[in-house]
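Input: a single structure, listed below in structure tokens.
The values are calculated or read from the model by the stated rules, or taken from the named source; none is laboratory data. Note that this is a predicted model, so its numbers are computed, not measured. Note: ideal-geometry Cβ built from the backbone for every residue, glycine included; neighbour counts use all protein chains shown. Accessible surface is based on the protein model in full, side chains and every heavy atom, while ligands, DNA and RNA are left aside. Shrake-Rupley method; radii C 1.70, N 1.55, O 1.52, S 1.80 Å.
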Amino acid sequence: MAILVTGGAGYIGSHTVVELQQAGHEVVILDNLSNADERVLQRLQAITGKAATFYRADIRDRKALSEVFEKEKIESVIHFAGLKAVGESVEKPWEYYDNNITGTLTLVDEMRRHGVKNIIFSSSSTVYGEPDAVPVTEESPKKACTNPYGWTKSMLEQILSDMQAADHEWNVVLLRYFNPIGAHRSGTIGENPNGIPNNLMPYITQVAVGKLKELNVFGDDYPTKDGTGVRDYIHVVDLAKGHVKALAKLTPGSGLNIYNLGTGTGYSVLEIVKNFEEASGVKIPYVIRPRRAGDIACNYASAEKAKRELGWVAENGIREMCEDSWRWQKNNPNGYAD
Ligand code: NAD
Ligand code: UD1
């Protein structure tokens, strides 16, 4: 039996493929390569010594999905495939709802048609909106999202929960990721954003290799320790391991389970800059800019539930996250094109 990893050529998906294979799972990757490079597949094989079966296909393509479920013996699906750029989602809401929602509806329909009713879904801390209190627990209220990308996550959580409530053969795990950064320690796979990065760490690493001039720090007047935004950064390899642990939750009758995947510690933008400088030995020039629309002051997780029920804790600290992000970027200034 195999695990189908949609979006398995992407940033979090590729790191999860490594951990799955190293834990002894058979892996089938399905990805349309809209935000990934096929060359990641050789890098994965070099790390694990195992080839994953790869299908270049779109989750909205019912026929392609059906073929995969007919050819492969899939027991569970880890569903990463989706568009994730917040700003772009504001410009192109239809494309985001179509890709993420139509895509997931098509995927789960083909899953049930083929009798596969185990799914782990990539959700996001964005579903908590601006939290009333930190750390946020899984019981903290879901709030209005500030952009269509966030709404796709919030709506898909609801859709999968409703499907599970109507048909108890479904086992669903919703994983709410906080802010994944870092890369595999080999320095051979990592985050490879198209164009100018939206997220903090890839922006910093591109400043460090000289591709970008300086970091824009969005706001220094938040009610936080130094005025800059605070987030719960989590090493992508820890996040990937969380999926392997969550697979054990997909047992008959386990129903719907929701977990935060974070470290429980918040770092400000300036703390990240300082830690990165120490880890890399490279100075990161920055300028303070106005707040970015839709940003919140502070968010970090309570990761207690995942610890208690999955036996999972994030093992890497901020130093490892910065060192590993840097190793990947330094060795691959142009991503997989090098
Ligand atoms: P990514 O863009 O690197 O990976 C997503 C992958 O899905 C890409 O390889 C892309 O080619 C593929 N894909 C997109 N649409 C597809 C489609 N219609 N059919 C088939 N493949 C498709 O992003 P990531 O950072 O690895 O994120 C993985 C998942 O985790 C996403 O669902 C994302 O929304 C979610 N998530 C990410 C973060 C983060 O900070 N990176 C935080 C919270 C949640
Ligand atoms: C954003 C998304 C979230 C998504 C996540 C990962 C919003 C509201 N949330 O989270 O849905 O899951 O990305 O894709 O957009 N910062 C700078 N300069 C930069 C970039 C970021 O100062 O060039 C600051 C931000 O203001 C924030 C922190 O760094 O305080 C982290 O930003 P980012 O990496 O974009 O993640 P989030 O905004 O937390």
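Quick notes
- The GNM of the chain, with springs linking C-alpha atoms under 10 angstrom apart, assigns the highest mean-square fluctuation among ASN147, ASN32, ASN198 to ASN198.
- Distance between the pseudo-spin-label points of GLU214 and GLN45 (7 Å out from Cα toward the beta carbon): 4.6 nm.
- Relative to the compact-globule estimate of 2.2 N^0.38 Å, the Cα radius of gyration of the range 15-80 comes out at 1.11.
- Value at 222 nm in deg cm²/dmol, rounded to 500, when DSSP H runs of n ≥ 4 in the chain each add -39,500 (n - 2.57): -11000 deg cm²/dmol
- In this structure, the amide hydrogen of TYR177, modeled 1.01 Å from its nitrogen in the peptide plane, lies closer than 5 angstrom to those of SER123, SER124, SER125, LEU261, counting only residues at least 5 positions away or on a different chain.
- Note on the chain: along the principal axes its Cα atoms extend 53, 44, 39 Å, ordered by decreasing extent.
- Shape call, the range 190-233: gyration tensor on alpha carbons, a/c limit 1.5: prolate
- Packing-based ranking, highest mean first, of 90-96, 306-312 given that Cβ atoms within 10 Å are counted: 306-312, 90-96
- C-alpha long axis of helix 103-113 to longest principal axis of the chain, angle in °: 30 degrees
- Under Karplus coefficients 6.51, -1.76 and 1.60, residue-wise ³J(HN,Hα) of the range 132-144 in Hz, glycine/proline x: 6, 8, 10, x, 7, 9, 5, 8, 4, x, 6, 10, 4
- Expressed in Å, the radius of gyration and Dmax of the Cα atoms of the range 237-338 are 17.5, 53.
- Solvent exposure of the range 1-131 amounts to 42 Å² per residue of accessible area, where only protein heavy atoms count and the probe is 1.4 Å.
- Each principal axis of the Cα cloud of the range 168-209 was evaluated for its coordinate range; sorted largest first, these ranges are 51, 25, 17 Å.
- Between the listed residues LEU200, LEU175, CYS322, the Cα displaced farthest toward the positive end of the dipole of the chain, a dipole computed from Cβ unit charges relative to the Cα centre, is found at CYS322.
- Put a plus charge on the Cβ of each Lys and Arg, a minus charge on the Cβ of each Asp and Glu, and nothing anywhere else: the dipole of the chain about its Cα centre is then about 360 debye.
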